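Have a look at the structure below before the remarks.
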Amino acid sequence: MRLIQIALFLSFLAISTSQTFAQCKSLKTLKTEYAEIIKPYDFEGISAGILGAGKTTNISVSVFSKVKYRFHFYSEGYEGPVIIKIITLNHQVLWTNEKDPGNMMAEFTPKKTDKYFVEFTTPSSANDDSRGCIAVILSSRPY
């Protein structure tokens, strides 16, 4: 009887995990959805992943001087807003949506070629195993 309970628990865990992964859009789907949104900018790339609730992660992005950038952000599957920051190597916050969590786009021109980090902080959840999807869609155009 105990073995059956363990087997049922493991099968439930596998189903809930696969449902979480199934809710994430593919990179190709995200690129297609954002193709019109980013215009007149040119598509540079997408970086995406699955992140647990109440967690923080950084995605590095290389930027070049004399290029105007748009960062579009995507999140799905969380019980509240995802807080996003664009941070320099020396930890200076260039942009954040903390005061306006619905703002999912940043636009700026770097003064020099550099590496930035996009930091995603997801809201906590009552479910410790809760996960969702995050992504940054980068587009650019000459300044």
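Observations on the structure shown:
- Theoretical FRET efficiency, 1/(1+(r/R0)^6), r = Cβ-Cβ of Lys28 and Glu76, R0 22 Å, to 0.05: 0.90
- Stokes-Einstein diffusion coefficient of region 25-142, Kirkwood radius over Cα pairs, 10 °C, 1.306 mPa s, in µm²/s: 108 µm²/s
- With a simple spin-label model that places each label point 7 Å from the Cα along the Cα-to-Cβ direction, the separation between Lys99 and Ser60 comes to 3.1 nm.
Laboratory data are not the source of any read-out in this text; all were calculated from the coordinates shown. Note that the coordinates shown come from a computational prediction; the quantities given were computed from them, not determined experimentally. Counting neighbours? That spans all protein chains shown, and the Cβs are built from the backbone with ideal geometry, glycine included.
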